[in-house]
Amino acid sequence: MAFINKSAKEIQVKIVYYGPGRGGKTTNLLYVNQKMSAKFMGKMISIDTRGDKTLFFDFLPLSLGKIRGFSIRVQLYTVPGQVLYNESRKMVLKGVDGVVFVADSMEVQREANVESFLNLRDNLADDNLDLQEMPLVLQLNKRDLEGSVIPVLGEETMRDDLCQHLKAPAPVMGASALQGPGVFETLREISKITIKSVHYKLRS
Amino acid sequence: MPSADREIKDIFQGADRIEILGKLPFILWEYINQGRRLIQEMGSGPGDFSSSFQSMERMLGVLGTAADHLGNEELKGRLAGHTRIITSYRNGDIPHGDFSQSFSSELASLEKVAGNPPNVTADSLLPEDFVERELQRVEKVKTGRSADVVVSGDMLDDIRGFLTEKVLTEEISSILIIDNAGTLIVNVGNKVDLDAISLAAVAAANFAATEKIARLIGERDFVLLFYKGRNESFHFRRLGTEYIIVTIFNNSLSLGLIRLKVAEVAQTLERKLPKREG
Ligand SMILES: Nc1nc2c(ncn2[C@@H]2O[C@H](COP(=O)(O)OP(=O)(O)OP(=O)(O)O)[C@@H](O)[C@H]2O)c(=O)[nH]1
Ligand SMILES: [Mg+2]
């Protein structure tokens, strides 16, 4: 749930990075944390066992400047992708304003991507939220593996796999969270559409 | 080939498989580059190259298994060629001069099936020593020392027996032992209908989050967590560095008493549960 403080002229939104286990959600946040100026960033907090798979969530607060006089604060969260941690995923998803779905481009993860996407839809529905209405960016991660010995899914295939569950197609971004391309593009896009949707809700 | 089969099964399980496959092109090209460097060094005269060979053989082990898992016969064949030629050289079957030449051509044919070399940018999050880290990860997975603890059935029966007979009472209705990652290891007690798997995962997350809070406010040795409900309460306590004991008990029991009891149990269990190495 976006938090709007009219007297302090501040909007705070919550963006969750969702997707199958080991797909690169935490890596996205790590990259932002490493490359963005500390001036605009709070401390990154990871709740995990040993800097590996996420157990609960990662959290990174950012300030993204001003839009129409309002200071924009964005809180990035990741969920644990492993199937086992569904209860934790639901907790992190509470009050979400925008979702980045980090899909894994490796061919072996094709089913896992779709499974996780449907799990997102169901978990949102449990919270009376509709995936179709949710600001959403589809990130196709690990594109750096294209042309390597690891079989990778085509961007079209990935887009179709996910978009067939959507009424209107969502923006799609190729990325390599490990190397950087696409990370900030994704963040910019999701921030833009999330803030727009919050603004819209604010007016109506 | 039963032994190779076992190896594949070991390193290509669940999340580890995804992790290793995603790093494979980097390892493959690191191998090729090391090979090139080795040839150069050998060109400038004889010396002791055994540490280079050792490191390359280690990479070959992982790469070969991965190629097999991927069903990439071409790559598998090329890698087998590499293993062969390195072994013959180290056994003294190929003279120094001949080795460089044939190895160089083996490298060239490996490059042909290796796909594009990864383009590691200055911005990359890959640490300098990441190949070493990946190899260590693979070795950990192979020897069963990955995130999943290996516990024998006898050990579990023993622990279950101990908890059921010596610890469960009218007031203490359930005890769960979970690991840091939320894997349910043992569940005894009469709260059988609870969704123990989810409970374990959430309990571990909760414990980790509380531990994080403790650290954020500067507390180091966080060991227990207590939650008092209307009828029943929960008590979480660290057990060694890997495990957490979750006790569910009736409110008629005092916190002091439960703490004492769980501390005793923890001592006994620490001897019974396997420790993670490394
Ligand atoms: N090749 C490649 N590997 C990547 C990329 N992004 C992440 N990885 C690797 O994928 C593995 C998993 O990345 P994480 O960011 O921990 O994945 P996650 O989605 O947070 O995983 P969970 O916390 O288990 O849900 C790590 O080994 C990363 O280095 C990428 O763009 N390319
Ligand atoms: Mg993660």
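The values are calculated or read from the model by the stated rules, or taken from the named source; none is laboratory data. What you see is a predicted model, and the numbers here were worked out from it, not measured in a lab. Glycine also receives a Cβ, built like all others from the backbone with ideal geometry; neighbour counts cover every protein chain displayed. Each accessible area value is taken on the protein alone, full model and side chains, heavy atoms only, with ligands, DNA and RNA left out. Shrake-Rupley method; radii C 1.70, N 1.55, O 1.52, S 1.80 Å.
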**Q.** Subset of region A:61-71 (residues that are modelled with pLDDT of 90 or more and not small (Gly, Ala, Ser))
**A.** A:Pro61, A:Leu62
Q. So A:Lys6 fits all but one of (1) in contact (Cβ under 8 Å) with a residue 40 or more places away in the chain; (2) out of contact with any Gly (no Cβ under 7 Å at 6 or more places or on another chain); what number is the exception?
A. (1)
Q. For A:Leu84, which of the numbered conditions (1) assigned to a strand (DSSP E or B); (2) farther than 19 Å from A:Met173 by Cβ; (3) within 15 Å of ligand 2 (Cβ to nearest atom) fails to hold?
A. (1)
Q: Report yes if some residue within region A:91-113 is within 16 Å of ligand 2 (Cβ to nearest atom), within 13 Å of chain B (Cβ to nearest Cβ) and basic (Lys, Arg); otherwise report no.
A: no
Q. Does region A:178-199 hold any residues that are touching a residue at least 40 places away in the same chain (Cβ under 8 Å) and within 14 Å of chain B (Cβ to nearest Cβ), and which are they?
A. A:Leu178, A:Gly180, A:Gly182, A:Val183, A:Phe184
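Residue-by-condition table, conditions (1) more than 16 Å from ligand 2 (Cβ to nearest atom); (2) β-branched (Val, Ile, Thr); (3) open to solvent by 70 Å² or more (accessible area, probe 1.4 Å); (4) touching a His at 6+ places or on another chain (Cβ under 7 Å):
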residue: B:Glu19; (1), (2), (3), (4): no, no, no, no
residue: B:Gly22; (1), (2), (3), (4): no, no, no, no
residue: B:Pro25; (1), (2), (3), (4): yes, no, no, no
residue: B:Asp48; (1), (2), (3), (4): yes, no, yes, no
residue: B:Gln54; (1), (2), (3), (4): yes, no, yes, no
residue: B:Leu70; (1), (2), (3), (4): yes, no, no, no
residue: B:His82; (1), (2), (3), (4): yes, no, no, no
residue: B:Thr87; (1), (2), (3), (4): yes, yes, no, no
Q | region B:108-119, subset open to solvent by 80 Å² or more (accessible area, probe 1.4 Å) and assigned to a loop (DSSP other than H, G, I, E, B), residue farthest from the other protein chains (Cβ to nearest Cβ) | A | B:Asn119
(Q) If I filter region A:42-59 for residues that are open to solvent by 40 Å² or more (accessible area, probe 1.4 Å), without any contact (Cβ under 8 Å) to a residue 60 or more places away in the chain, more than 10 Å from ligand 1 (Cβ to nearest atom) and of a type in the set (Gly, Ala, Ser), do I get at least one hit? (A) no
Q. If a residue has to be part of a loop (DSSP other than H, G, I, E, B) and within 13 Å of chain A (Cβ to nearest Cβ) to count, how many in region B:62-107 make the cut?
A. 2
Q. Which of the residues spanning region A:1-11 are surrounded by fewer than 19 Cβ atoms within 10 Å (Cβ to Cβ) and assigned to a strand (DSSP E or B)?
A. A:Phe3, A:Ile4, A:Asn5, A:Glu10
Q. For region A:95-185, which fully contained strands (runs of 3 or more DSSP E) count at least 2 residues that are within 11 Å of ligand 1 (Cβ to nearest atom) and within 12 Å of the chain's Cα centre (by Cα)?
A. A:98-104, A:136-141
Q) In this structure, does A:Pro20 turn out to be within 16 Å of ligand 1 (Cβ to nearest atom), under 20 Å from A:Gly182 (Cβ atoms) and part of a loop (DSSP other than H, G, I, E, B)? A) yes
Q. Could you say whether any residue in region B:82-90 is assigned by TED's automatic domain parsing to the domain that holds B:Gln54, farther than 19 Å from B:Ser55 by Cβ and of a type outside the set (Ser, Thr, Tyr)?
A. no
Q) Can you tell me which residues in region A:1-21 are touching a Lys or Arg at 6+ places or on another chain (Cβ under 7 Å) and within 16 Å of ligand 2 (Cβ to nearest atom)? A) A:Tyr17, A:Gly19, A:Gly21
Q: Return yes when A:Gln75 is more than 10 Å from chain B (Cβ to nearest Cβ), touching a residue at least 24 places away in the same chain (Cβ under 8 Å) and open to solvent by 30 Å² or more (accessible area, probe 1.4 Å) and no when it is not.
A: yes
Q | Which listed residue is at pLDDT 90 or above and of a type outside the set (S, T, N, Q), from B:Gly35, B:Gly92 | A | B:Gly35
Q: Considering only region B:229-253, state which residues are within 19 Å of B:Glu170 (Cβ to Cβ), surrounded by 11 or more Cβ atoms within 10 Å (Cβ to Cβ) and free of Cβ contacts under 8 Å to residues at least 40 places away in the same chain.
A: B:Ser233, B:Phe234, B:His235, B:Asn251
Q. Within the set of pairs 6 or more residues apart or between chains, which connect a residue that is among the acidic types (Asp, Glu) inside region B:116-127 to a residue that is surrounded by 15 or more Cβ atoms within 10 Å (Cβ to Cβ) and part of a loop (DSSP other than H, G, I, E, B) with Cβ atoms less than 7 Å apart?
A. B:Asp123/A:Gln179; B:Asp123/A:Gly180
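This table checks each residue for (1) farther than 22 Å from B:Lys261 by Cα; (2) modelled with pLDDT under 85.
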| site | (1), (2) |
| --- | --- |
| B:Ile178 | no, no |
| B:Ile185 | no, no |
| B:Ile197 | yes, yes |
| B:Gly218 | yes, no |
| B:Arg238 | no, no |
Q.
The conditions are (1) in contact with a Ser or Thr (Cβ under 9 Å, 6 or more places away or on another chain); (2) open to solvent by 20 Å² or more (accessible area, probe 1.4 Å), and A:Leu153 fails exactly one of them. Which is it?
A. (2)
(Q) Residues to consider are A:Leu136, A:Leu124, A:Leu129, A:Leu120; find the one that is over 30 Å from B:Pro25 (Cα atoms), within 16 Å of ligand 2 (Cβ to nearest atom) and more than 14 Å from every other protein chain (Cβ to nearest Cβ). (A) A:Leu120
Q: Collect the residues in region A:158-177 that are touching a residue at least 24 places away in the same chain (Cβ under 8 Å) and surrounded by fewer than 18 Cβ atoms within 10 Å (Cβ to Cβ), keeping them in residue-number order.
A: A:Asp161, A:Cys163, A:His165, A:Leu166, A:Lys167, A:Ala168, A:Pro171
